[in-house]
Structure formats: structure tokens, C-alpha cells
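The values are calculated or read from the model by the stated rules, or taken from the named source; none is laboratory data. Because the structure is predicted, anything quoted here is derived from the model rather than measured. Cβ placement follows ideal geometry from the backbone for every residue including glycine, while neighbour counts extend to all protein chains displayed. Each accessible area value is taken on the protein alone, full model and side chains, heavy atoms only, with ligands, DNA and RNA left out. Shrake-Rupley method; radii C 1.70, N 1.55, O 1.52, S 1.80 Å.
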Amino acid sequence: MNLSTPTAQPTPPVQSTRISRAGRPIIASFLLALLVVLAVASPAGAHPRPSPDPGAGCQRRDVSVTLTGSPTAPRYRVAGWLCQPRHATRTVQLLISGFTYDHAYWLGASTPTNWTAAALAHGDAVYMIDPVGVGASDHPPAEQVTTSSQAETVHQITAALHDGTLGRYRSVVGVGHSYGSIILAAEAAQHRDLDALVLTSKLPQYNQPGLTAFHDALYPAADDPTFAHANLPDGYVTTPPGTRPGFFLDPDTAVPQAAAWEESHKDVGTTGELGTMTAAAYAADSRHITVPVLLIDGSHDSLFCNTTELCDTGAQLCQRVQTIYAPSTRVAAMTVPGAGHAINLHRGASTVLAAADRWITRTVTGTGARPAVTACPHP
């Protein structure tokens, strides 16, 4: 049985009629409306899933995927939400959250921390998903949910955003948080069908004590009160109650409600993913990325930053990645001062959202204001 079932809103079939981009009114208060939390019909013990308000320009649009390239492989449902801006656009941001997060990360804890609302206001469409094994999506056997299989599902989703299944967008920009950035790097290296990457909260070198503490804290999701009755397969893990703020937030710069948000929105990951999200694999994939990349990290990210692995400036981030990208790959970087691993939940988020949206527009169209990011020199 799935961790949660679809939202109370009717869920169209996978090959449903496309959303019209014309004539969809967006009320002046749509930024606030995106934060509305809808009740989810879920099994006992599973926490409600927040979903964008379809009246604010978002609709539930699920897709059917396989974990391998074989057309005869078992098919699984990926829950997704397609959000349209006020005017027609040819660019869509494909948002993928980090390990033990679901799509709610991209809605934030308040209007200034809402990545989706900022992207829509800027004029881009958004397709945010619960990756396979997460949230309202199907939960295959844990050993089958790996970085490679996640990259394969994203490849199929990217095709759906181009071919009319979900839309006919000219540019699909992958935006990842943490493990979502790892998935997108693998997809871009192996399939080369994304047009640009915004990789947040992921660098090739770890703060080893912070990473070890996080991995050691993970325990079976079946032992957690949130998921105890969800009947998840063996090998699904999550964070123990009360631990997330210490791993993902800086208490001095996080927005006031961030700690409570973290605990009420946690999700699961798999042992298959843990075994394949290695630094070596990430570096190997990065060397095969050919599209422009924007790196964003918080200066106080406990998983990647310490006194020797510095994250205080964009130039320092550039220095840390100078050997993992090909000389021809355009790379830029920016730091969120004082932010922890979940950069969207910190006070500097609004500045990040504006810079990322401007970078995306400048990168895919060559127009618009210059973003406040650091261009990394070629090695």
C-alpha cells in the first residue's frame, strides 16, 4: 500500500487532457493561495500531504514510469503537480526534493520561502513531483529505488514535458535540492535532455561528521509513528522525531516556523538510494554534464560546509567544483549567507529565488536582468 493516496481533488488519469494555458485567471492573492494545505485521504498513521491549490494555477498531473528503460518493466505512478503562470510560457522548472522530503519543500513554510510561487510570478511554469518511493507516489521495493532508477524516471518525465503528455515546453530546467540535485546530475549526464540545472544544497565534498551523524540517525520508517501503519516495503527509512532541525536548519537564520515545518513534513527514502548517492558517482556524472549549471548552497550547511570546506562566497563554491565539470560547461554559483541545508526555509530564501529565476531566464532565452551570481572561471 502506498504511503499516502492522491489528494482529495480528483486525480486525472496519466494520459489526461492537457491543461489549457490560455484563459486561466490568477487572482491577486495567488502567492498566498499556493500555501493552502488540502486534506489527503491517507491510511491511518500517514500524515496529510500538502498540495498546491488548483485554483492558483496548479493541477494534479501524475505520470506512469518504469525504473529501467525496458518497455516491459513494471510501471509505477509518480505524483506530480503542474503549475502554470499567468501568461503562456515555453519554460518549465522540474522540481525534485531531497532525501526524506516530498514536493512540499517547494511550497516552503511562508510566502517568502515558496519557490513555486516565485517561479510562477517570474513567468515560468513548474512541475513538482514526489519522486518514486516518496509521498503520494508508488513505493516499489527499496532495492530497486536507486539514483540510476530515479534518473531514468526523470528522463521519462522530461520527455512528457516536451511531447505533449504534460506539455510542449521548449526548455525544461531541472531544479534540485540535495539528493534531488544528485538525481538531476545523473539524468543530465546519462540522457542529456535537460536544458539547464539549478543544483542546490549539494557539493562534491562532504562535511564528514555532519553526514555521518545524519546517516547514523536514519532508522526504519516502519518504526516511526508517522509511517508505522503505512505498510511500506522493507528498506524504507526516515529521520527520528525531533532530529531534522539539527541536520537541516541554522537556528539563527531559519524562518520562525521552520523547525515545526520540518517535523510535520518529513518523508522517506530507501536503502537503495543511500547505497548509490556516493561522492564518486556524483563527480563522475558531473564530468559528463554539458548544459549550464547554477550551484546554490547555504554557508552553514552542516552536511557540506565546515572550517576547511568553505561555503561563504560564490567564489569558494566555484573553487570546490573546479575539477568536476568539463572546461566547456558554464558554471555559476551563489551562497545563502547563514543558511543551513534546507536553504528554502531560511531568511535569505527570497533573494535566492529571485536570482535563480533570473539566471534561468538569462540562460534559456539570453534576455532579462543579470542575476546576482558568481561566474565560475574555467580551470
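For the range 288-311, check the following and say yes or no: at least one residue is modelled with pLDDT under 95, assigned to a loop (DSSP other than H, G, I, E, B) and either closer than 23 Å to Leu194 by Cβ or within 18 Å of the chain's Cα centre (by Cα) (or both).
Scanning the range 288-311 turns up no residue that is modelled with pLDDT under 95, assigned to a loop (DSSP other than H, G, I, E, B) and either closer than 23 Å to Leu194 by Cβ or within 18 Å of the chain's Cα centre (by Cα) (or both).
Within the range 275-301, track down each residue that is of a type in the set (Val, Ile, Thr) and open to solvent by 10 Å² or more (accessible area, probe 1.4 Å). If you could, list the steps in order and put the result at the bottom.
Kept after step one, since they are of a type in the set (Val, Ile, Thr), are these residues of the range 275-301: 276, 278, 289-291, 293, 296.
Result: Thr276, Thr278, Thr290, Val291.
Inspect all residues belonging to the range 321-332 and state whether any of them is buried (at least 16 other Cβ atoms within 10 Å of the Cβ), touching a residue at least 60 places away in the same chain (Cβ under 8 Å) and either among the aromatic types (Phe, Trp, Tyr) or closer than 12 Å to Leu294 by Cβ (or both).
In the first step, residues of the range 321-332 are kept if they are buried (at least 16 other Cβ atoms within 10 Å of the Cβ); the result is 321, 324-325, 329, 331-332.
Still in the running and touching a residue at least 60 places away in the same chain (Cβ under 8 Å): 321, 324.
This time we only want the ones that are either among the aromatic types (Phe, Trp, Tyr) or closer than 12 Å to Leu294 by Cβ (or both), so: 321.
Within the range 321-332, one or more residues are buried (at least 16 other Cβ atoms within 10 Å of the Cβ), touching a residue at least 60 places away in the same chain (Cβ under 8 Å) and either among the aromatic types (Phe, Trp, Tyr) or closer than 12 Å to Leu294 by Cβ (or both).
Each row is one residue, and each column tells you yes or no for (1) open to solvent by less than 10 Å² (accessible area, probe 1.4 Å); (2) over 16 Å from His177 (Cβ atoms); (3) in contact with a His (Cβ under 8 Å, 6 or more places away or on another chain); (4) in a loop (DSSP other than H, G, I, E, B).
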position	(1), (2), (3), (4)
Pro112	no, yes, no, no
Ala118	no, no, no, no
Ala121	no, yes, no, no
Gly135	yes, no, yes, yes
His139	no, yes, no, yes
Gln150	yes, no, no, no
Ala159	no, yes, no, no
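Where the second residue is polar (S, T, N, Q) and the first is closer than 16 Å to Asp267 by Cβ and lies in the range 238-253, which pairs have Cβ atoms under 6 Å and are six or more apart or on separate chains?
Thr238/Thr100; Thr239/Thr100
Taking into account only those residues within the range 188-239 that are among the aromatic types (Phe, Trp, Tyr) and open to solvent by 40 Å² or more (accessible area, probe 1.4 Å), which is nearest to Thr278 (Cα to Cα)?
Kept after step one, since they are among the aromatic types (Phe, Trp, Tyr), are these residues of the range 188-239: 206, 214, 219, 227, 236.
Checking the rest, the ones that are also open to solvent by 40 Å² or more (accessible area, probe 1.4 Å) come to 206, 219.
Details: Tyr206: 10, Tyr219: 19 Å.
Restricting to residues being among the aromatic types (Phe, Trp, Tyr) and open to solvent by 40 Å² or more (accessible area, probe 1.4 Å), the top hit is Tyr206.
Among the residues of the range 261-282, what is the count of those that are in contact with a helix residue (DSSP H, G or I) (Cβ under 9 Å, 6 or more places away or on another chain) and aliphatic (A, V, I, L, M)? Talk me through it step by step, then tell me what you get.
First, pick out the residues of the range 261-282 that are in contact with a helix residue (DSSP H, G or I) (Cβ under 9 Å, 6 or more places away or on another chain): 261-263, 265-278, 281-282.
Still in the running and aliphatic (A, V, I, L, M): 268, 274, 277, 281.
Residues in the range 261-282 being in contact with a helix residue (DSSP H, G or I) (Cβ under 9 Å, 6 or more places away or on another chain) and aliphatic (A, V, I, L, M): 4 in total.
Count, please, the residues in the range 254-272 that happen to be in contact (Cβ under 8 Å) with a residue 60 or more places away in the chain and either closer than 16 Å to Gly338 by Cβ or of a type in the set (A, V, I, L, M) (or both). So that I can check it myself, show each step before the final result.
Initially, the range 254-272 is screened for residues in contact (Cβ under 8 Å) with a residue 60 or more places away in the chain, giving 254-255, 257-258, 261-262, 264-272.
Within this subset, residues satisfying the condition of being either closer than 16 Å to Gly338 by Cβ or of a type in the set (A, V, I, L, M) (or both) are 254-255, 258, 268.
Result for the range 254-272: 4.
Given (1) closer than 26 Å to Glu262 by Cα; (2) among the β-branched types (Val, Ile, Thr); (3) surrounded by fewer than 24 Cβ atoms within 10 Å (Cβ to Cβ), identify the lone condition not met by Thr165.
Thr165 satisfies all of (1) closer than 26 Å to Glu262 by Cα; (2) among the β-branched types (Val, Ile, Thr); (3) surrounded by fewer than 24 Cβ atoms within 10 Å (Cβ to Cβ) except (1).
On the given criteria, is Tyr105 within 23 Å of Phe214 (Cα to Cα), touching a residue at least 12 places away in the same chain (Cβ under 8 Å) and among the aromatic types (Phe, Trp, Tyr)?
Numbers: within 23 Å of Phe214 (Cα to Cα): yes; touching a residue at least 12 places away in the same chain (Cβ under 8 Å): yes; among the aromatic types (Phe, Trp, Tyr): yes.
So Tyr105 fits the description; yes.
Tally up the residues in the range 302-316 that are closer than 17 Å to Gly210 by Cβ and either buried (at least 18 other Cβ atoms within 10 Å of the Cβ) or free of Cβ contacts under 8 Å to residues at least 40 places away in the same chain (or both), please. Break it down into steps so the answer makes sense when it comes.
Our first condition is that a residue be closer than 17 Å to Gly210 by Cβ; within the range 302-316, this holds for 302-312.
Then keep just the ones that are either buried (at least 18 other Cβ atoms within 10 Å of the Cβ) or free of Cβ contacts under 8 Å to residues at least 40 places away in the same chain (or both); that gives 302-305, 307-308, 310-312.
Adding up the residues that qualify gives 9.
Residue by residue through the range 241-274, note down the ones that are touching a Leu at 6+ places or on another chain (Cβ under 7 Å), open to solvent by 10 Å² or more (accessible area, probe 1.4 Å) and among the aliphatic types (A, V, I, L, M).
Leu249, Ala254, Val255, Ala259
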